[in-house]
Amino acid sequence: MRRLRLLLGIAGIAVLGLSLGLSLGLHLVSPTSAAWTSPQYTTATMTTGQLYPVTSLACNSSAGLLATSIGFTWTQPVTTGNGLVPSDYTLVWSGTAGSGQKTVTGTTTTIPGTILSIAGTSRVVVYANFGTWQSPVSTQSRLLTTISTVGIIVSWTCG
């Protein structure tokens, strides 16, 4: 019994001390307010641009024999209004004749025969680029059919 009274007494003192400490602590905290104003302002101008797709893609020739590469040409997309002038272009080909891509600054390039397979067909498209932006795929594509050997294109058609 004596032990129980001692424990209850200690617990009571602890609760009283905690209450007193909290109440004193709350009175020691003073409220603050932070606010400021700045009479300065700035203005900015923003313009928008659109990177349009290439609308014309052509093979330099519709067919050929014994070639080391196959040439392609396209026209720069529309740049009127808010159209952006492309910084470069990426020609992409994929299919059984081979797959790959080539980025060039002009509007003409070639696919080397060394990267084409012995026989197959690939679809060729082009994208306009502006920095890290890329246009939608060209509105025209070309189908390339090749028969090649050891880096030489024996026969090909493009349409």
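Every read-out reported here was derived from the displayed coordinates using simple, explicitly stated rules and does not represent laboratory data. A quick note: this is a predicted structure, and the numbers were derived from the prediction, not measured. Positions of Cβ are backbone-derived with ideal geometry, glycine not excepted, and every protein chain shown enters the neighbour counts.
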If the chain between Gln40 and Thr114 were fully stretched, how many nm would it gain, using 0.36 nm times the residue separation less the Cα-Cα distance? 20.3 nm
Per the Kirkwood definition applied to all pairs of different Cα atoms, how many angstroms is the hydrodynamic radius of the range 57-158? 13.9 Å
Order by neighbour count: Ile118, Ile10, fewest other Cβ atoms within 10 Å first, most last. Ile10, Ile118
Gain on full stretching of the segment that runs from Thr149 to Ser61 - 0.36 nm per residue minus C-alpha separation: 29.7 nm
